[in-house]
Amino acid sequence: MQFCDLNRQYVAYQSEIDAAIQGVINTASFINGKEIGLLEEDLAQYAGVKHALAVSSGTSALLLALLAYGVGPGDEVICPAYSFIATASMVSFLKATPVFVDVSPLDFNIDVSKIEEAITSQTKGIIGVSLFGQCADYDGLNALASKYGLWVIEDGAQSFGATNNGRKSCSCTEMATTSFFPAKPLGCYGDGGAVFTNDDRLADLVKMYRGHGQSARYYHDKIGINGRMDTIQAAILRVKLKYFDEEIKNRQAASEWYSVRLHGLAMLPIVAENKKNTWAQFTIALDNRDEVKKYLADKGIPTAIHYPLPLPRQKAFADLPSYEKSFEVSELLSQTVLSLPMHGLITEEEVDIVCKAITEALNQ
Ligand SMILES: *Cc1c(COP(=O)(O)O)cnc(C)c1O
């Protein structure tokens with residue numbers, strides 16, 4: 001069994017994907033080929049925003065969004081204490097300070113009720129992460145942001161395709177980012193990502209920073225990066241986007257299969273009434289997580305720990321004032337979470353095998 005079976009997905013759409021890749025090779029437009037613009041139109045339409053900008057990864061999407069907001073030394077950006085490193089490391093990369101706030105035990109997303117006490121005169125914005133595929137409380141975050149004159153970025157690396165009060169992930173905040181890393185809900189065949197915004201000025205800034213700060217060919221107004229997506233990745237994503245909603249439906253069905261079978265055995269993910277989760281991960285919490293993980297591994301069932309350390313306890317942040325501070329919920333999650341096999345083409349039989357093994361492990 002595979003944790004995320006990308007090969008099964010390739011085989012399912014093989015002829016179309018092969019043709020899309022060959023099409024790019026035939027034109028040799030490897031950079032800025034026509035598929036980039038077409039993908040950007042598709043993504044903007046899918047997410048329901050004016051501008052979608054294809055970029056080289058979810059990490060560069062975050063960096064470009066922060067650059068567009070002019071984040072730099074002395075600035076503080078509020079981030080959840082529990083996420084993948086890129087959410088906060090790009091803030092530090094720009095010599096600004098990530099200020100961590102603990103997450104909610106209900107949805108593992110930033111706890112909006114704990115943000116106000118973290119706001120200072122240096123605070124510029126908030127990055128909300130839609131962890132494991134469920135949107136954070138963007139209505140709450142946007143309301144706080146307008147009260148204090150801050151911006152909000154949705155890090156939607158795990159939630160593309162999710163909905164929040166009927167709005168798509170990546171359309172709930174002024175700027176949003178996603179990742180097309182192969183194992184994300186919508187993955188390409190290498191690295192890729194996107195930035196989303198309705199704001200023309202911010203979109204122009206992201207484009208400029210993505211292309212070495214160029215205003216005209218070889219005229220550079222800003223210090224930027226090479227943040228472009230390859231044309232081949234765009235062509236692959238355009239094929240996979242056609243099947244994406246079906247895959248999300250299968251992930252949602254799989255989450256039901258898991259929930260029914262694991263009811264009462266483990267702490268299960270809770271999805272709010274007004275939200276639809278894309279199930280980037282199906283992550284449960286167990287007191288004896290490490291033993292269960294080992295039992296499953298011995299049976300050939302792969303699992304993952306997202307994440308073994310709260311962000312403020314990463315060595316990379318050792319020079320921050322928040323290092324060694326305790327973030328209770330994040331600490332508890334890091335010791336108990338276990339992500340189970342999940343992907344767009346997982347079957348009920350596979351879920352059954354995983355759940356039987358978990359039941360055995362717990363009855364030992
Ligand atoms: C994967 C991920 C990223 C980074 O995306 P890459 O495409 O791997 O650079 C950022 N934030 C979160 C929450 C992620 O899960």
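The values are calculated or read from the model by the stated rules, or taken from the named source; none is laboratory data. All values reported here derive from a predicted model rather than from experimental measurement. Note that we place each Cβ from the backbone using ideal geometry, even for glycine, and neighbour counts take in every protein chain shown. Surface accessibility is based on the protein's heavy atoms, side chains included, excluding ligands, DNA and RNA. Shrake-Rupley method; radii C 1.70, N 1.55, O 1.52, S 1.80 Å.
Values computed for the structure shown
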item: Selected residue (only one of Val91, Val77, Val49, Val55 is away from the ligand (no atom under 16 Å from the Cβ) and among the β-branched types (Val, Ile, Thr)); result: Val49
item: Members of segment 188-206 found to be open to solvent by less than 10 Å² (accessible area, probe 1.4 Å), outside any strand (DSSP E or B) and within 9 Å of the ligand (Cβ to nearest atom), listed by number; result: Gly192
item: All positions within segment 165-183 that are within 16 Å of the ligand (Cβ to nearest atom) and surrounded by fewer than 24 Cβ atoms within 10 Å (Cβ to Cβ); result: Phe181, Pro182, Ala183
item: Any hit, segment 220-233, residues being in a loop (DSSP other than H, G, I, E, B), among the acidic types (Asp, Glu) and free of Cβ contacts under 8 Å to residues at least 60 places away in the same chain; result: yes
item: Among residues of segment 23-59, those that are in a helix (DSSP H, G or I) and either surrounded by fewer than 21 Cβ atoms within 10 Å (Cβ to Cβ) or not hydroxyl-bearing (Ser, Thr, Tyr) (or both), counted; result: 20
item: Conditions (1) open to solvent by less than 40 Å² (accessible area, probe 1.4 Å); (2) over 11 Å from Ile127 (Cβ atoms); (3) more than 16 Å from the ligand (Cβ to nearest atom); (4) of a type in the set (A, V, I, L, M): number failed by Leu106; result: (1)
item: Residues that are assigned to a helix (DSSP H, G or I) and crowded, with 21+ Cβ neighbours inside 10 Å, drawn from segment 330-350; result: Ser330, Leu333
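Let's see how each residue does on (1) at pLDDT 95 or above; (2) open to solvent by less than 30 Å² (accessible area, probe 1.4 Å); (3) among the aromatic types (Phe, Trp, Tyr):
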residue	(1), (2), (3)
Thr278	yes, yes, no
Thr283	yes, yes, no
Asp290	yes, no, no
Asp298	yes, no, no
Pro310	yes, yes, no
Lys315	yes, no, no
Ser322	no, yes, no
Lys325	no, no, no
Glu328	yes, no, no
